[in-house]
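Report on the structure given below.
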Amino acid sequence: MKPAPKLGGRVAIVTGTSPNIGGGIAEGLAAEGAIVVAVDSIAANAHDCADYIAKNGGQALGLVCDVTDEAQVEVTIGAVLRTFGRVDILVNNAAFFNKKGVLDMSYAEFDKQSGVILGGAFLFTKHAARAMMGRSGAAPGGVVINIISTAGHQGEPGNIAYSTAKAGLLNFTRSAAMELVGHGIRVNSLTPTATDPSESFERARRWGRAVEKPPGIDKVMRPFREGIPMKKLPVPSDYGRAVAFLASDDAAMITGTDLRVDAGAVARYWAWDPKAGATV
Ligand SMILES: NC(=O)c1ccc[n+]([C@@H]2O[C@H](COP(=O)([O-])OP(=O)(O)OC[C@H]3O[C@@H](n4cnc5c(N)ncnc54)[C@H](O)[C@@H]3O)[C@@H](O)[C@H]2O)c1
């Protein structure tokens, strides 16, 4: 017997839908029957993601929005409500990378990067949660999932704004979970880690883009692959399936928690090198 999709007809907003992790999450939610709203400040990332899902039997809408602009966030949530009548799931995934340390990063750069990671999650949670609470004709409720990083759990040097903001997002998750629990809204987070890039190139090609895997990328990824306990890096569709679980009724009693999909990265004892064998 084929199991019923876990998210049939539910409306899911995903921010930051590049062909990498956001695209993998959007496709994972669509595979479970969700209607996907792909939100990105880069129009091609919003539209290519939504178009691919729509052309492959799903329902989707691409919307251009800067997650740090409250007026744009309100317009985006309004467009989702006008089009689909409800918001059930929000995945705060938008971020950007700017590897600089406490000694060399300007305050403007620190502010901008943490503004996207933390401020964007704050603004989308605020307005999506209001939409989830204000529903008529159906029980209020919904699910928010924030995308962290193993850098938010550990002290990574030279990545100060990113790792600090991701750690902040972990406690934003817990605090928002407590604030919204009385409204039937569950708030959890998911922690990805260094991600095998091959799937994102394959997804970009499926979305109609002409991309080639850069030569040398396997060499760049080798230390990550060899240092991780499972000796294999996750791919975005691994995160997509885990997000679909957290968004589904299978996780109905889970709120305020973090699900690490990190091949054991954070659990690893600091002095143990997986390359060296079974013990320190
Ligand atoms: N790639 C990794 O190895 C890795 C590891 C751990 C965690 N993560 C997390 O996973 C998430 C996705 O990462 P990715 O590798 O797919 O990154 P990516 O750069 O491929 O995608 C991020 C997307 O966010 C969008 N974005 C950035 N700023 C925005 C803004 N102000 N408003 C709207 N959209 C905006 C970008 O346009 C892009 O499409 C991020 O939260 C990242 O921190 C990534």
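Values quoted throughout were computed directly from the atomic coordinates according to the rules given, and no laboratory measurement underlies them. No experiment lies behind these values; they were computed from the predicted model shown. When we count neighbours, we look across all protein chains shown, and the Cβ atoms used for this are built from the backbone with ideal geometry, even at glycine.
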For the chain, modelled as a GNM with alpha-carbon contacts under 10 angstrom, which of Leu61, Leu81, Leu118 fluctuates the most?
Leu81
Additional length obtainable on full extension of the chain from Phe96 to Lys126, 0.36 nm per residue less Cα span:
8.7 nm
Over all viewing directions the Cα convex hull of the chain casts an average projected area in nm² of 16.5
Within the chain, helix-based [θ] at 222 nm, where runs of 4 or more DSSP H residues each add -39,500 (n - 2.57), nearest 500
-13000 deg cm²/dmol
Once region 82-126 is represented by equal point scatterers at the alpha-carbon sites, with solvent omitted, what log10 I(q)/I(0) does the Debye formula produce at q = 0.17, 0.25, 0.34 Å⁻¹?
-0.59, -0.91, -1.19
Unit charges on C-beta of K, R, D, E only; dipole of the chain, Debye
500
Residues with beta-carbon under 15 Å from that of Glu109, excluding Glu109: net charge, scoring Lys, Arg +1 and Asp, Glu -1?
+1
Return the single residue from Ser114, Ser175, Ser18 with maximal mean-square fluctuation; model: Gaussian network over the chain, springs between Cα atoms under 10 Å.
Ser175
Debye calc, one equal point scatterer per Cα of region 18-63, no solvent, log10 I(q)/I(0) at q = 0.20 1/Å comes to -0.48
Karplus couplings for region 169-185 from phi (6.51 cos²θ - 1.76 cosθ + 1.60, θ = phi - 60°), rounded to Hz, Gly and Pro as x?
5, 5, 7, 4, 4, 5, 5, 5, 4, 5, 5, 9, 4, x, 9, x, 9
On a C-alpha basis, how far is the centre of region 163-213 from the centre of region 68-118 in Å? Whole number, if you could?
12
So if I average 1/r over every pair of distinct C-alpha atoms in region 198-277 and take the inverse, what Kirkwood radius in Å does that give?
15.3
Would you kindly derive the ³J(HN,Hα) couplings of region 27-43 from the backbone phi angles with the Karplus curve 6.51 cos²θ - 1.76 cosθ + 1.60 (θ = phi - 60°), listing them in order in whole Hz, with x for Gly and Pro?
5, x, 5, 4, 4, 9, x, 6, 7, 9, 10, 8, 10, 7, 6, 9, 4
Run the numbers for Ile42 and Lys231: contour at 0.36 nm per residue of separation, minus the present Cα-Cα distance, in nm.
64.7 nm
Amide H of Ala265: which non-local residues (sequence gap of 5 or more, or other chain) have their own amide H closer than 5 Å, using H built in the peptide plane?
none
With an 8 Å cut-off on Cα pairs and a minimum separation of 6 or more residues, tell me the relative contact order of the chain in percent.
20
